[in-house]
1. Can you tell me the mean projection area, over all orientations, of the convex hull of segment 1-41's alpha carbons? Units nm², please.
2. Classify segment 112-259 as rounded, prolate or oblate from the Cα gyration tensor: take a ≥ b ≥ c as the square roots of its eigenvalues, call it rounded if a/c is under 1.5, otherwise prolate when a/b beats b/c and oblate if not.
3. For the chain, what does -39500 (n - 2.57) per DSSP helix run (n ≥ 4), summed and divided by total residues, give at 222 nm, in deg cm²/dmol to the nearest 500?
4. So for segment 5-72, Kirkwood radius off the Cα pairs, Stokes-Einstein at 37 °C and 0.692 mPa s: how many µm² s⁻¹?
5. Give me the one-decimal nm value for the distance between modelled label points at Arg38 and Trp240, 7 Å along each residue's Cα-to-Cβ direction.
6. Which value, in debye to the nearest 20, describes the size of the charge dipole of the chain about its Cα centre when Lys and Arg Cβ atoms bear +1, Asp and Glu Cβ atoms bear -1, and nothing else is charged?
7. Scanning the chain for helices, which whole DSSP H stretches are 18 Å or more long along the axis (Cα) and average -1.0 or more by Kyte-Doolittle?
8. Find how many whole Å separate the alpha carbon centroid of segment 220-250 from the alpha carbon centroid of segment 153-181.
Amino acid sequence: MAANERLRAAMNQAGIGVERLAQAAEVDPKTVYRWLSRGRPPKRPETRRLVAGLLQQDDSWLWPTIGRAPAAAPVDAEIVAAYTYRSDLPTQRWWDLISRASDRIDLLGYTLYFLALQHPELVETLRSKCEDGCRIRAVIADPDSEHVRYRDAEEGTPLTLVVRINTTLSMLDGLFGCPGFELRFQDTPLYNSIFRFDDQMLVTPHLYATTGAKAPLLHLRKVRPGGLFGQFAGHFDSIWQHATPASVDQSRPQDRDSA
């Protein structure tokens, strides 16, 4: 069996070594090494639940082969879940990811409108995180971009992208001036929306004439450098480098319109 990279990553993230995990699970350290190197799951369900609780993970994520055939491709190790629609992921799960992030939050979307809408405490929480040293990068579409007009024509919804972008700018206005926060405008066709919270990420592949809420969603967790998580992280960085920094005046639609 292949090594359990998910378990190894979870232990590293939690700062828990083999000896400590073995002591908590009341097993020999050699048993923990077998869990890691050979991918063997604990035989007893209560042991799996105990380890998962200690590492603050789901046991079904740490040992995804329990009850089914082993995954065929190593890349599966970074896929936590896949959803038919973005709206299938519970709002509370979004909030858990947002509130637990401490080092980095990256947000990329046409509007990011739904985030502040479904989380009334978002701006206050992000401000607090910035003050605690978290770096927050947000990228939305330039409301004057022709790509926004094309996308609006595709979606054909009464609530246009420009309206949603301007609403987002108004809601995020309170974050300007916070250390570690930066908002940029991008002017490219957007193939994916990306929401990164430390070593976890949500990705929405955009579909033709389909709103983001009705597009699929992938939940990824970083296990190793250069994996699927790294591909999307690099995609975000590329767009960030070519995006235009937004000023505090641009965050106020009335000021932009009169400029």
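1. Its Cα hull, projected and averaged over all orientations, spans 2.5 nm².
2. It comes out oblate by the Cα gyration axes.
3. -12000 deg cm²/dmol
4. In µm²/s, the coefficient rounds to 276.
5. The two pseudo-label positions are separated by 4.2 nm.
6. It comes to approximately 1320 debye.
7. 228-242
8. Here the answer is 19 Å between Cα centres.
Every read-out reported here was derived from the displayed coordinates using simple, explicitly stated rules and does not represent laboratory data. All values reported here derive from a predicted model rather than from experimental measurement. As a convention, Cβ positions derive from the backbone with ideal geometry for all residues, glycine included, and neighbour counts pool all protein chains shown.
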